[in-house]
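Notes follow once the structure below has been shown.
What follows is calculated from the coordinates using simple rules that are stated; it is not laboratory data. Keep in mind the model is a prediction, meaning the values are calculated, not measured. Using ideal geometry, Cβ is built from the backbone for each residue, glycine included, and neighbour counts are taken over all protein chains shown.
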């Protein structure tokens with residue numbers, strides 16, 4: 001199974017724990033909403049786990065996959081609070097098959113606003129659990 | 001020269017007129033801001049021409065290219081009104097090398113707001129010129 005197939009299996013199984021094995025120690029996360037990157041595996045895991053909880057509802061599906069070299073682009077589509085959200089996961093891998101860079105973009109503006117709202121709530125829940 | 005090289009040459013030369021040759025009659029444009037697609041070559045040409053005028057300033061550069069089959073993903077970066085804009089051109093080609101589908105996504109939220117503002121101004125200018 002190649003790394004993109006592994007990613008799809010993880011998503012299909014809603015297997016958040018598998019992220020632990022997949023992220024490089026020095027990985028970086030780029031949010032669709034905020035400019036500032038989140039640095040390091042712990043932060044990337046936190047943001048991706050929250051994104052899984054928010055985005056992976058029953059309507060979520062991948063609709064396009066473009067891959068070359070160490071880059072995978074996965075376009076997704078879902079409905080969130082009745083609003084259409086269309087986006088891309090932009091994944092950069094190292095040669096060991098770990099994720100070093102994960103960037104998300106979403107459209108349209110109304111979709112981004114819903115993602116922003118629900119991500120903020122989820123990250124607050126995470127913070128409450130660990131404090 | 002393959003179609004992606006042709007695209008880069010067009011962008012480097014700010015050659016808006018070349019779009020006319022590159023777009024399929026039934027092409028579709030998906031804005032980063034608005035959900036509703038723009039249908040047909042004339043509309044796609046209008047929106048892409050406006051996007052060229054707005055985005056292709058001296059700071060514009062492509063920073064990642066991922067290509068497979070009939071899909072090209074081009075990630076770009078620029079500064080607009082002092083705000084960082086990061087985005088992707090998601091291009092789908094037909095077998096004749098014409099663009100059938102062109103989707104743009106941008107991040108972060110502040111960047112999207114600048115793109116929205118400047119695109120609205122530019123499309124108004126176009127409308128004033130043709131009315």
**Request:** Quick one: in region B:74-92, of everything that is away from chain A (no Cβ under 12 Å) and outside any loop (DSSP other than H, G, I, E, B), which residue is nearest to the chain's Cα centre (by Cα)?
**Result:** B:78
**Asked** Condition test on residue A:40, is it surrounded by fewer than 17 Cβ atoms within 10 Å (Cβ to Cβ), more than 28 Å from residue B:71 (Cβ to Cβ) and either touching a residue at least 12 places away in the same chain (Cβ under 8 Å) or within 14 Å of chain B (Cβ to nearest Cβ) (or both)?
**Response** yes
**Fill in**
Condition set buried (at least 18 other Cβ atoms within 10 Å of the Cβ) and free of Cβ contacts under 8 Å to residues at least 40 places away in the same chain, scope region B:110-131, selection nearest to the other protein chains (Cβ to nearest Cβ): answer is B:111
**Request:** Kindly check whether there is at least one residue in region A:6-29 that is within 14 Å of chain B (Cβ to nearest Cβ) and either closer than 30 Å to residue B:93 by Cα or under 11 Å from the mean Cα position of the chain (by Cα) (or both).
**Result:** yes
**Request:** Would you be able to tell me the number of residues in region A:105-125 that are outside any helix (DSSP H, G or I) and more than 15 Å from residue A:63 (Cβ to Cβ)?
**Result:** 1
**Request:** Would you please name the residue that is farthest from residue B:64 (Cα to Cα), looking only at residues in region A:93-109 that are within 12 Å of chain B (Cβ to nearest Cβ) and out of contact with any strand residue (DSSP E or B) (no Cβ under 7 Å at 6 or more places or on another chain)?
**Result:** A:109
